[in-house]
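The values are calculated or read from the model by the stated rules, or taken from the named source; none is laboratory data. Because the structure is predicted, anything quoted here is derived from the model rather than measured. Because the Cβ atoms are built from the backbone with ideal geometry, glycine has one as well, and the counts that use them run over all protein chains shown. All accessible areas refer to the heavy atoms of the entire protein, side chains included, with ligands and DNA or RNA removed. Shrake-Rupley method; radii C 1.70, N 1.55, O 1.52, S 1.80 Å.
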Amino acid sequence: MTGEKRSRHRGRASVAALAGVLIVVLAAHLLLAPYIADLDSFYHLGHAAQYAATSPFDSAFPWARFSAIRDLGADLWWGFHLLLLPFTAFAELADGIRVAGVVLSAVLLSGVLWISQRHRFIAPWLWPILFFVAVPSVLYRYVMVRPHVVSLLAALLLLSFLARGRWWPVLLASAALSWFHLGLFWLAPTVVVAYLVGRGLDRRFVAAPGSGDDDASLPAGLAVGSVVAGSVVGWLLRPHPFAAARLADIQIFQLFRERAADLPLAFAQELRPLPIAAFGWTSWYLLLLWGGALVVLVWCLARKRSVLHTMPAPERTLLWASLILSVGFLCLTLLAAGRALVEWAAFGLVTVPVVATYLLGEQVSRRRIVTALTLATLLVTPWILYEHRVNVRLNAVASNHLQEVATWLADHSEPGDVVFHAHWDNFGPLFARNRVNHYLGGMDPVFQYAHDRGLYWKYAYLSTDLATEWTCDAYPCSEGNAVDTYASLVGDFDARWVLVEPQRNPKLFFYLLNDARYEMGLLTDHEAVFQVLRPGTAASADRAAVAGTYQATTFTMEETGVTTDWLARGASITLTLASDGTTGGRLFVPGGGEGGSDFDEDLAGTWELIGTTLRLHHAAATFLRDITFSVAGPQLTGEETFGGVVVRVVLSKSR
């Protein structure tokens, strides 16, 4: 085959491999639809949308009122949020999240494909697919809109560039790691240390004496300098880099310190070891592949060291470094932090193709290796699909999660009103759809803990249903002070509203429901919103007392100083408010329709009472839906301006 034909063949193979990767990505996301993988996705796209609406250089974050993120005004994920800016153009938030998820997964797997081709792995199309599906719980993390997706790709590229490359790609990959997610800056030094150790071991014990075949790998000093310089550049390329560094310190080092104290904190659950049984069930397929690769490597070291000698030195360095990283992250997964499973899987699926290509491939037909891996993966595909669907069922959320609550709060509260949400994971969906209100905090509860430990514990007692009528500023409470919950909500949190999910917090829900100092404003299938009434607030109107039939006694429109009395012109409004929250009645305006026709509409719908204000909801397109009525005895009084026309309506109770 001529060089030109080989080039065309490789080009067609690359296109076919990329197409296969994209099909796998789309399949995984279609199995997720119509849900969203996780709640953090809402936050990240919401923060990008805030940058799009204002300025990406304004990282102030007042919405997390009781969080170190507000205190410091910095953004750990600034680069990632800039990356998401194009996806904020979608009219529907959920559509932006879905498209961003597909693109991020596709970029990750395309990068793995490029690495496979760069190091001349056998069947390069196979490894990105295995990378994606071999561990279903890791696959689920790859479909999220979170910065770890692109950060992991940057770490893999960094390892590849160290083994075979020049200093400037190493610098760029290190910078990308810090820029996308400053909390993962440690991954770049970890990779370069593994590279240096692996390179040193290879040169001392494996490389053929006097071979000098390691020139393609980056020298130690240049490697360390490039990684350090890149990490610093990625850190500094953001607003308020020193404040962001403090947030990284909180998220990494303070988090570990607090977890070591063994307090019952409602965060850092991923810093617990992954049970061996759970690890075996979720990761057995990759464990077999990775374990098999280790067996082949040990056999070659013992019996066929010449095979290692003939390996290209960069790929041999890649083998040792990826092995060191995968062993290290496996130990971390089982002994300290279960979330390190992702890194074990990622670097383990660098070790496996290197062994399959350059060690096993020298002893066994490469075609047989590819055939065996392909058939094995096809055989376990039903298990992979089943586990992925289980993860979707257990972890995914509806695309409209908290949408009704967020919209209602924006419509019924004042700018800056604090919403006390009983769970930190409520923050993302609320913030993404409603930046009128302020909230307690989000992203990671450790930032609330760092802001004020006493306030965190007052929140935690209520969040976990440990207490309702009182809360406490320490754990155990005997070491602190117990306070009345209402006094804490008003005095400590300045909360105007409380959001609670009755299924998650039944005790807190019934406490709020049965205490006259709170007024339920909204009840959905899964959430309830209560208004925190301030001392001296007018007593709420009683729904049963408000129910009845009303007739319009005032119905006027004022424009440019001229008032029109529509009742005198024959108009009428009859409104019936049933005690079950439904409405009936009729709005008639002679000559008020299109072309001078009469405007005659049925007022069937619903009504809601919040304190002493009343809103109407009905299918007919009438101005009554846009008027907020005040309840005063037997009268409902409302006034609203529409395009310069002031409409005043007084409805008086007739029976």
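Table: residues versus (1) at pLDDT 95 or above; (2) in contact with a Gly (Cβ under 9 Å, 6 or more places away or on another chain); (3) surrounded by fewer than 23 Cβ atoms within 10 Å (Cβ to Cβ).
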{"site": "Leu182", "(1), (2), (3)": "yes, yes, no"}
{"site": "Ala208", "(1), (2), (3)": "no, no, yes"}
{"site": "Asp213", "(1), (2), (3)": "no, no, yes"}
{"site": "Leu218", "(1), (2), (3)": "no, yes, no"}
{"site": "Val224", "(1), (2), (3)": "yes, no, yes"}
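Taking the range 435-549 as the region of interest, the helices (runs of 4 or more DSSP H) fully inside it that hold 3 or more residues being among the aliphatic types (A, V, I, L, M) and more than 28 Å from Arg146 (Cβ to Cβ) are 485-491, 506-514, 543-546. If the condition is being assigned to a loop (DSSP other than H, G, I, E, B) and within 21 Å of Val646 (Cα to Cα), then the range 574-630 contributes Pro590, Gly591, Gly592, Gly593, Asp598, Ala620, Ala621, Thr622, Ile627, Thr628. A residue that is touching a Phe, Trp or Tyr at 6+ places or on another chain (Cβ under 9 Å), under 24 Å from Ser217 (Cα atoms) and not in a helix (DSSP H, G or I) can be found somewhere in the range 293-315. The set of residues from the range 551-608 being β-branched (Val, Ile, Thr) and surrounded by 13 or more Cβ atoms within 10 Å (Cβ to Cβ) comprises Thr553, Thr554, Thr556, Thr564, Ile573, Thr574, Thr576, Thr582, Thr583, Val589, Thr606.
Working only within the range 124-147, note down all residues that are open to solvent by 30 Å² or more (accessible area, probe 1.4 Å) and part of a helix (DSSP H, G or I). Write out each step before concluding.
Within the range 124-147, the first condition is being open to solvent by 30 Å² or more (accessible area, probe 1.4 Å), and the residues that meet it are 124-125, 129, 137, 141, 146.
Matches in the range 124-147: Ile129, Ser137, Arg141.
Against the test of being within 17 Å of Val419 (Cβ to Cβ), touching a Ser or Thr at 6+ places or on another chain (Cβ under 9 Å) and open to solvent by 60 Å² or more (accessible area, probe 1.4 Å), the options Arg496, Arg543 yield a single qualifying residue, Arg496. Pick from Ile23, Ile36: which is under 25 Å from Ser110 (Cβ atoms) and open to solvent by 30 Å² or more (accessible area, probe 1.4 Å)? Testing whether each residue is under 25 Å from Ser110 (Cβ atoms) and open to solvent by 30 Å² or more (accessible area, probe 1.4 Å) leaves just Ile23. Within the range 611-653, if we keep just the residues that are polar (S, T, N, Q) and open to solvent by 70 Å² or more (accessible area, probe 1.4 Å), the residue that is nearest to Gly521 (Cα to Cα) turns out to be Gln635. All told, Arg316 falls short of being over 30 Å from Arg259 (Cβ atoms) and free of Cβ contacts under 8 Å to residues at least 60 places away in the same chain.
From the set of residues in the range 79-123 that are in a helix (DSSP H, G or I) and touching a Pro at 6+ places or on another chain (Cβ under 7 Å), which is most open to solvent (accessible area, probe 1.4 Å)? Of everything passing the filter in the range 79-123, Gln117 is most open to solvent (accessible area, probe 1.4 Å). Restricting the search to the range 250-265, which residues are modelled with pLDDT under 75 and surrounded by fewer than 18 Cβ atoms within 10 Å (Cβ to Cβ)? Within the range 250-265, Ala260, Ala261, Asp262, Leu263, Pro264 meet the criteria.
Of everything in the range 499-510 that is in contact with a strand residue (DSSP E or B) (Cβ under 9 Å, 6 or more places away or on another chain) and within 17 Å of Leu430 (Cβ to Cβ), the residue that is surrounded by the fewest Cβ atoms within 10 Å (Cβ to Cβ) is Glu501. When every residue of the range 41-56 is checked against the conditions, at least one turns out to be outside any helix (DSSP H, G or I) and in contact (Cβ under 8 Å) with a residue 24 or more places away in the chain.
No other residue among Val405, Val370, Val352, Val327 is within 30 Å of Arg146 (Cβ to Cβ), of a type outside the set (S, T, N, Q), at pLDDT 90 or above and surrounded by fewer than 23 Cβ atoms within 10 Å (Cβ to Cβ) apart from Val327. Entry remark, the range 602-655: residues being in contact with an Asp or Glu (Cβ under 8 Å, 6 or more places away or on another chain), farther than 21 Å from Val529 by Cα and at pLDDT below 85 number 1 in total. Scanning the range 520-532 for residues that are at pLDDT 90 or above and hydrophobic (A, V, I, L, M, F, W, C) turns up Ala528, Val529, Phe530, Val532. Of the residues making up the range 148-159, those that are within 22 Å of Val397 (Cβ to Cβ) and open to solvent by less than 10 Å² (accessible area, probe 1.4 Å) number 1.
Taking every residue in the range 636-650 that is closer than 15 Å to Val562 by Cβ and pairing it with any residue that is of a type in the set (S, T, N, Q), at least 6 positions away or on another chain, the pairs with Cβ-Cβ distances below 7 Å are Arg648/Thr554; Arg648/Thr556. The set of residues from the range 78-130 being of a type in the set (Ser, Thr, Tyr) and either over 30 Å from Ala163 (Cβ atoms) or without any contact (Cβ under 8 Å) to a residue 12 or more places away in the chain (or both) comprises just one member, Thr88.
So, in the range 422-467, of the ones that are among the aliphatic types (A, V, I, L, M) and under 18 Å from Glu527 (Cβ atoms), which residue ends up most open to solvent (accessible area, probe 1.4 Å)? Steps first, please.
Here is the first cut: in the range 422-467, the residues among the aliphatic types (A, V, I, L, M) are 422, 430, 432, 436, 440, 443, 446, 450, 455, 460, 462, 466-467.
Within this subset, residues satisfying the condition of being under 18 Å from Glu527 (Cβ atoms) are 422, 430, 432, 436, 440, 462.
Details: Ala422: 1, Leu430: 0, Ala432: 17, Val436: 55, Leu440: 2, Leu462: 5 Å².
Selected residue: Val436.
Can you say whether Ala547 is aliphatic (A, V, I, L, M), closer than 17 Å to Val650 by Cβ and modelled with pLDDT of 90 or more, as far as the supplied structure shows? It is false that Ala547 is aliphatic (A, V, I, L, M), closer than 17 Å to Val650 by Cβ and modelled with pLDDT of 90 or more.
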